[in-house]
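Comments concern the structure below.
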Number of protein chains: 2
Amino acid sequence: MAVTLADVAARAGVSSATVSRVLNGNYPVAGSTRERVQRAVAELDYVVNGQARALAAATSDLVGVLVNDVADPFFGLIASALQAEVGVGAAEPGGKLTVVCNTGGSPEAELTYLTLLERQRAAGVVLTGGAVDSPAHSTAVLARLARLAASGTRIVLCGRPALTLPGESAPLTTLAFDNHGGARRLTEHLLSLGHRRIGYVTGPPERSTTGHRLAGHRAALAGHGMGPGTDAGADADQLIVHGGYDRNAGFDATLELLRRDVGVTAIVAANDTVALGVCAALRDRGLSVPGDVSVAGFDDLPFSADASPALTTVRIPLQEAGARAGRLVMGRTAPPPGGVATIATELMVRGSTAPPATRRS
Amino acid sequence: MAVTLADVAARAGVSSATVSRVLNGNYPVAGSTRERVQRAVAELDYVVNGQARALAAATSDLVGVLVNDVADPFFGLIASALQAEVGVGAAEPGGKLTVVCNTGGSPEAELTYLTLLERQRAAGVVLTGGAVDSPAHSTAVLARLARLAASGTRIVLCGRPALTLPGESAPLTTLAFDNHGGARRLTEHLLSLGHRRIGYVTGPPERSTTGHRLAGHRAALAGHGMGPGTDAGADADQLIVHGGYDRNAGFDATLELLRRDVGVTAIVAANDTVALGVCAALRDRGLSVPGDVSVAGFDDLPFSADASPALTTVRIPLQEAGARAGRLVMGRTAPPPGGVATIATELMVRGSTAPPATRRS
DNA sequence: CTGTTAGCGCATTCAG
DNA sequence: CTGAATGCGCTAACAG
């Protein structure tokens, strides 16, 4: 079958131990023998067996990254930057392979993939995207992570709320996105434009990201005396529609919002993808953006700047975060003090938001 | 350290071979012992060591997929569909982990990753996207693929020209995209609208996809008596600008096209991403789409339908192709007869193309 | 049906 | 500096 260390050793007239040594360059080897071995390696087109090496050395060449779906640019950008940092190109040798796992947002899939990665004794695991806010699931995930951590696997959370392993004092290394602050500033922007009836199309209710963004939105409203319990906040629930994170969710939610006839002059979407759906629905109903209704998204995905009108949104530096997560999981950079770093988000004001039309009729 | 097969065996009071058997379920085991073993496994939270298993059984749980960049939706969609088919969710057990490798279009990176995957004795490898048209590189890739194939790794090409291993009669399993036909129909569409001066912003000249699409474009022109050597084709080169596959390339190329002042009434872009850049540049110059200039893309990425005007483009069923590639690399479906299947592309006429403005001044 | 015995291919002691 | 010996954790014959 494939050529092995022993074959190379025979060819070079040395012991397999010596071949191993020149391959790994960890031990002193005479220049002449080294050369002889390297020639044999080249002549035989020898390629080490990673599995055998991993077994013997108790190491791994794999880094896992759990995403909802790589096809979603939000995750694609993170995964891409991460892979670039973890993979071969990354200056230093010892590049690792990136295993991308699409969980589709399913808690079971998440657990299954964590087990699979444990099976492979992955060198590191990065969990991205909002967590599913369920005690049962959190416990299960935490248990898996604890075992991974115990076996030496580096763990990094990216875009997830910090998590602390049972028995630990500091939380796991975490890059948290400032969803709350970004959402707050976004809604404040709309308020400052003069909007008072702001619709909100949220993401899946069970995801932590949804909760944080919604909380930021509410904080902004409360800051302007429009909190619950106030006159202005009386029918706040009517202004909120729950949906998914895809375009259709935005489309449908918008139709629902219009059906409720609550007089929205602006709509904030769970993310940019949803925002596109919102815009499409508005156009479909003959409403112009931002003439009749302002629209805002979240994430600042690449297509947002090219939409027309260009989307007002909140920028998350996904590539930077992904790259940093990659460096962290490779142990090439030190974890932030206290374990968790909050990644700042930035309000991007573009053409899709404007002052509300002056009251008429 | 971690709990091993032997630990489980001791705990269950059986031999490690028996534990292995119930784990793999390949051999008959008495119900009672099976149960005892399973209990021990659960109590000890045992997780098999994939590397040891792979070494002993000469199998692998990894499938590699080479892409230019997962962050590019073109590749993200393929990778996502592929992963879904290869991974855990996929009905049958034995789901494998997907290793995503961003080559960034670099031939060296491509070779390096192929070697890394060989090292891991990957069960399969999928190469996506256009190939780099260089004899030297093709030879090198072919050599790597030959060795992979020889060691039992399944190989699938997706969106790449078919390739035949030296000494083989049939080409490797390939899902080729009908770039030529799609491009031809797209240009014919523009011609039928009345356009005669059609600019073309191509992709990187060394990529096979670029060549095929450009050839389709030229075929359409030739079919309308506008081939090279004809009057209409006299300055054909002036209508073509080479660029990259990103948005900026489209932007810059369009400015160049306008600078040449060759009177284009329509511009065909290398792909949808480039087309967005083209639109942006036109708008930047005060030209309307499609009023002043029609624009068309290629690929039909998700954002294309949401651009405004919505982009006329050529649809490639990327997810279907990715899923099929996944099934092929898993050996769950038979290769197409002759090894290569050509995936049909479909012209999607939308708002960004219209008849040229009537001649004026 | 189940235990015993060998390796899988490599890294790593321990001698020399 | 180099070779011989041992074991990583598991599967796969081979006997019972």
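Taking B:ALA54 as the residue in question, decide whether it is more than 10 Å from DNA strand C (Cβ to nearest atom) and either of a type in the set (Gly, Ala, Ser) or buried (at least 16 other Cβ atoms within 10 Å of the Cβ) (or both).
Details: more than 10 Å from DNA strand C (Cβ to nearest atom): no; either of a type in the set (Gly, Ala, Ser) or buried (at least 16 other Cβ atoms within 10 Å of the Cβ) (or both): yes.
So B:ALA54 does not fit the description; no.
Suppose we filter B:ARG283, B:ARG332 for residues that are of a type in the set (D, E, K, R) and touching a Ser or Thr at 6+ places or on another chain (Cβ under 9 Å); which single one remains?
Values: B:ARG332 fails: touching a Ser or Thr at 6+ places or on another chain (Cβ under 9 Å).
After applying the criteria, what remains is B:ARG283.
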Criterion violated by A:ALA42 - all others in (1) within 12 Å of DNA strand D (Cβ to nearest atom); (2) surrounded by fewer than 12 Cβ atoms within 10 Å (Cβ to Cβ); (3) not charged (D, E, K, R) satisfied: (1)
In region A:140-169, the residues that are away from chain B (no Cβ under 14 Å), part of a loop (DSSP other than H, G, I, E, B) and not hydroxyl-bearing (Ser, Thr, Tyr): A:GLY159, A:ARG160, A:PRO161, A:ALA162, A:LEU163, A:LEU165, A:PRO166, A:GLY167, A:GLU168
Here are some conditions: (1) more than 20 Å from A:HIS189 (Cβ to Cβ); (2) touching a Lys or Arg at 6+ places or on another chain (Cβ under 9 Å). A:ASP246 meets all but one. Which one does it not meet? (2)
Examine region B:186-205 for a residue that is within 14 Å of another protein chain (Cβ to nearest Cβ) and surrounded by fewer than 16 Cβ atoms within 10 Å (Cβ to Cβ), and state whether such a residue exists. no
Identity of the residue in region B:15-29, closer than 19 Å to B:VAL47 by Cβ and of a type in the set (Val, Ile, Thr), that ends up nearest to DNA strand C (Cβ to nearest atom): B:THR18
Does B:ALA52 satisfy being at positive phi and within 12 Å of DNA strand D (Cβ to nearest atom)? no
Which of the residues spanning region A:1-29 are under 25 Å from B:ALA57 (Cα atoms) and modelled with pLDDT under 90? A:MET1, A:ALA2
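Which of the residues spanning region B:152-186 are of a type in the set (Gly, Ala, Ser) and over 15 Å from B:LEU82 (Cβ atoms)? Write out each step before concluding.
Going residue by residue through region B:152-186, those that are of a type in the set (Gly, Ala, Ser) are B:152, B:159, B:162, B:167, B:169-170, B:176, B:181-183.
Of everything in region B:152-186, those that are of a type in the set (Gly, Ala, Ser) and over 15 Å from B:LEU82 (Cβ atoms) turn out to be B:GLY152, B:ALA162, B:GLY167, B:SER169, B:ALA170, B:ALA176, B:GLY181, B:GLY182, B:ALA183.
I need the full set of residues from region B:4-16 which are within 29 Å of A:THR153 (Cβ to Cβ), near DNA strand D (Cβ under 8 Å from one of its atoms) and not charged (D, E, K, R), in order please.
Within region B:4-16, the first condition is being within 29 Å of A:THR153 (Cβ to Cβ), and the residues that meet it are B:4-12, B:16.
Filter again for near DNA strand D (Cβ under 8 Å from one of its atoms), leaving B:4-8, B:16.
If the condition is that a residue be within 29 Å of A:THR153 (Cβ to Cβ), near DNA strand D (Cβ under 8 Å from one of its atoms) and not charged (D, E, K, R), then B:THR4, B:LEU5, B:ALA6, B:VAL8, B:SER16 are the ones that fit.
Restricting to region A:17-37, name every residue that is in contact (Cβ under 8 Å) with a residue 12 or more places away in the chain and within 7 Å of DNA strand D (Cβ to nearest atom).
Step one: list which residues in region A:17-37 are in contact (Cβ under 8 Å) with a residue 12 or more places away in the chain, which gives A:18-20, A:22-23, A:33-34, A:36-37.
The answer is A:THR18, A:THR33, A:ARG34.
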Is it the case, given these coordinates, that A:ALA12 is of a type in the set (Gly, Ala, Ser) and either within 8 Å of DNA strand C (Cβ to nearest atom) or touching a residue at least 12 places away in the same chain (Cβ under 8 Å) (or both)? yes
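Test of understanding: among A:ASP284, A:ASP272, A:ASP300, which residue is without any contact (Cβ under 8 Å) to a residue 40 or more places away in the chain, outside the structural domain of A:CYS158 (by TED's automatic domain parsing) and under 27 Å from A:ASN248 (Cβ atoms)? Give the derivation first.
On the way: A:ASP272 fails: without any contact (Cβ under 8 Å) to a residue 40 or more places away in the chain; A:ASP300 fails: without any contact (Cβ under 8 Å) to a residue 40 or more places away in the chain.
Step by step, each of A:ASP284, A:ASP272, A:ASP300 is checked, and only A:ASP284 is without any contact (Cβ under 8 Å) to a residue 40 or more places away in the chain, outside the structural domain of A:CYS158 (by TED's automatic domain parsing) and under 27 Å from A:ASN248 (Cβ atoms).
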Check off (1) in contact (Cβ under 8 Å) with a residue 40 or more places away in the chain; (2) within 26 Å of A:TYR46 (Cβ to Cβ); (3) touching a helix residue (DSSP H, G or I) at 6+ places or on another chain (Cβ under 6 Å); (4) of a type outside the set (D, E, K, R) for B:ALA123 and give me the number that stays unchecked. (3)
Name the residues in region B:8-61 that are in a helix (DSSP H, G or I), closer than 22 Å to B:ARG121 by Cα and within 12 Å of another protein chain (Cβ to nearest Cβ), would you? B:GLY50, B:GLN51, B:ALA52, B:ARG53, B:ALA54, B:LEU55, B:ALA56, B:ALA57
Are there any strands (runs of 3 or more DSSP E) wholly within region A:280-361 with 2 or more residues that are surrounded by 24 or more Cβ atoms within 10 Å (Cβ to Cβ), and if so which? A:294-296, A:313-315
Of the numbered conditions (1) at pLDDT 95 or above; (2) part of a loop (DSSP other than H, G, I, E, B); (3) touching a strand residue (DSSP E or B) at 6+ places or on another chain (Cβ under 8 Å), A:GLY277 satisfies every one except a single condition; which is it? (2)
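Grab the strands (runs of 3 or more DSSP E) fully contained in region B:62-139, keeping just those with 3 or more residues being more than 7 Å from chain A (Cβ to nearest Cβ) and buried (at least 24 other Cβ atoms within 10 Å of the Cβ). I'd like the intermediate steps shown before the answer.
On the way: elements: B:62-67, B:97-102, B:124-128.
Answer list for region B:62-139: B:62-67, B:124-128.
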With (1) surrounded by fewer than 18 Cβ atoms within 10 Å (Cβ to Cβ); (2) closer than 21 Å to A:PHE74 by Cβ; (3) at pLDDT 95 or above as the list, and A:THR173 as the residue in question, which single condition is left unmet? (1)
Determine whether A:ALA122 is at pLDDT 90 or above, within 23 Å of B:LEU114 (Cβ to Cβ) and small (Gly, Ala, Ser). yes
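Are any residues in region A:158-170 farther than 16 Å from A:GLY203 by Cβ and buried (at least 21 other Cβ atoms within 10 Å of the Cβ), and if so, which ones?
Our first condition is that a residue be farther than 16 Å from A:GLY203 by Cβ; within region A:158-170, this holds for A:158, A:162-170.
Residue satisfying the conditions is A:CYS158 alone.
I'd like to check something: does region B:38-48 contain any residue that is free of Cβ contacts under 8 Å to residues at least 40 places away in the same chain and within 8 Å of DNA strand C (Cβ to nearest atom)?
Here is the first cut: in region B:38-48, the ones free of Cβ contacts under 8 Å to residues at least 40 places away in the same chain are B:38-43.
Checking the rest, the ones that are also within 8 Å of DNA strand C (Cβ to nearest atom) come to none.
No: region B:38-48 contains no residue that is free of Cβ contacts under 8 Å to residues at least 40 places away in the same chain and within 8 Å of DNA strand C (Cβ to nearest atom).
The values are calculated or read from the model by the stated rules, or taken from the named source; none is laboratory data. Just so it is clear, the structure is predicted and the values come from calculations on it, not from any experiment. With ideal geometry, Cβ positions are generated from the backbone for all residues, glycine too; neighbour counts draw on all protein chains shown.
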